[in-house]
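The values are calculated or read from the model by the stated rules, or taken from the named source; none is laboratory data. Since we're looking at a predicted model, the values are computed, not measured. Counting neighbours? That spans all protein chains shown, and the Cβs are built from the backbone with ideal geometry, glycine included. When the accessible area is computed, the model is the full protein with side chains, heavy atoms only, and any ligands, DNA or RNA have been set aside. Shrake-Rupley method; radii C 1.70, N 1.55, O 1.52, S 1.80 Å.
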Amino acid sequence: CARLSGGTVKCWGRNIYGSLGNGTTSSETTPVTVSGISNALYLGTGPDHSCSVLTDGTVKCWGRNNSGSLGDGTTTDRNSPVSVSGITGATKVGGGNYSSCALLSNGTVKCWGKKGVYGYLGDGNLGVKTSPVSVSGLSSVSDGEAYNHTCVVEGGAVKCWGDNAYGKLGDGSTTNRSTPVSVSGISTAAKVATGS
């Protein structure tokens, strides 16, 4: 997907879950316009869903929702954008494999979707949450990114949670974490990126 300078969003590719957001489930080899979004500020994508922060600080998502990753209180796939429940003041959004997270202007983070055994949502609990929950212990986050795990920058430190296969949370272990843990030896970070 791409956010255009005028605030619209275009997507292309596989669309069996409505991941293109154009009201259909037909795959497209060229970009199509996402329905009903004209004021996108930021765009975050997962493997089968996407989310956009709008200029008013709200978030809309579309695509696969079997794990609640669209945040609309359901597990129903959506081929057009739906509003994420209870999010205001969002500045950035990221989509993971089974969840999504939003960075809010007050420095906190909210996530929604599948917690599972990995603790993707960072609130210390497991299961599925189809509406946003606050990530534990964060108050001054400036940047972040989500995939199978989420990492954020807070005061120069990097904190991560979720799936810790191969030690990707950086805390010296391979133990999955359902709340944020500090990455060892990092104190002056400005940005963070995650991969699979």
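Output yes when any residue across the stretch 29-36 is assigned to a strand (DSSP E or B), more than 12 Å from the chain's Cα centre (by Cα) and touching a residue at least 24 places away in the same chain (Cβ under 8 Å), and no when none is. Within the stretch 29-36 (the criterion being assigned to a strand (DSSP E or B), more than 12 Å from the chain's Cα centre (by Cα) and touching a residue at least 24 places away in the same chain (Cβ under 8 Å)), the answer is yes, since at least one residue qualifies.
Taking the stretch 152-196, which residues are within 20 Å of Gly46 (Cβ to Cβ), β-branched (Val, Ile, Thr) and at pLDDT 95 or above? Across the stretch 152-196, the qualifying residues are Val152, Val192. Restricting the stretch 111-151 to residues that are open to solvent by 50 Å² or more (accessible area, probe 1.4 Å) and closer than 14 Å to Gly44 by Cβ, the residue that is modelled with the highest pLDDT is Glu145. Across the stretch 107-144, the number of residues qualifying as among the β-branched types (Val, Ile, Thr) and over 16 Å from Val59 (Cα atoms) comes to 4.
Hey, could you check the stretch 52-68 for residues that are of a type in the set (Val, Ile, Thr) and not in a loop (DSSP other than H, G, I, E, B) and say which is surrounded by the fewest Cβ atoms within 10 Å (Cβ to Cβ)? The residue in question is Val53. Taking the listed residues Ala189, Ala193, the one that is farther than 22 Å from Ser52 by Cα and not basic (Lys, Arg) is Ala189, with no other qualifying.
Applying the selection to the stretch 136-165, what residues are outside any strand (DSSP E or B), over 16 Å from Val117 (Cα atoms) and not small (Gly, Ala, Ser)? Leu138 - this is the single residue of the stretch 136-165 that is outside any strand (DSSP E or B), over 16 Å from Val117 (Cα atoms) and not small (Gly, Ala, Ser).
Going residue by residue through the stretch 95-102, is there one that turns out to be surrounded by fewer than 24 Cβ atoms within 10 Å (Cβ to Cβ) and closer than 24 Å to Asp143 by Cα? For the stretch 95-102, residues surrounded by fewer than 24 Cβ atoms within 10 Å (Cβ to Cβ) and closer than 24 Å to Asp143 by Cα: present.
Hey, could you check the stretch 154-178 for residues that are hydroxyl-bearing (Ser, Thr, Tyr) and open to solvent by less than 50 Å² (accessible area, probe 1.4 Å) and say which is nearest to Gly124 (Cα to Cα)? Result: Ser178. Scanning the stretch 31-52 for residues that are more than 26 Å from Gly195 (Cα to Cα) and of a type in the set (Val, Ile, Thr) yields Val32, Thr33, Ile37.
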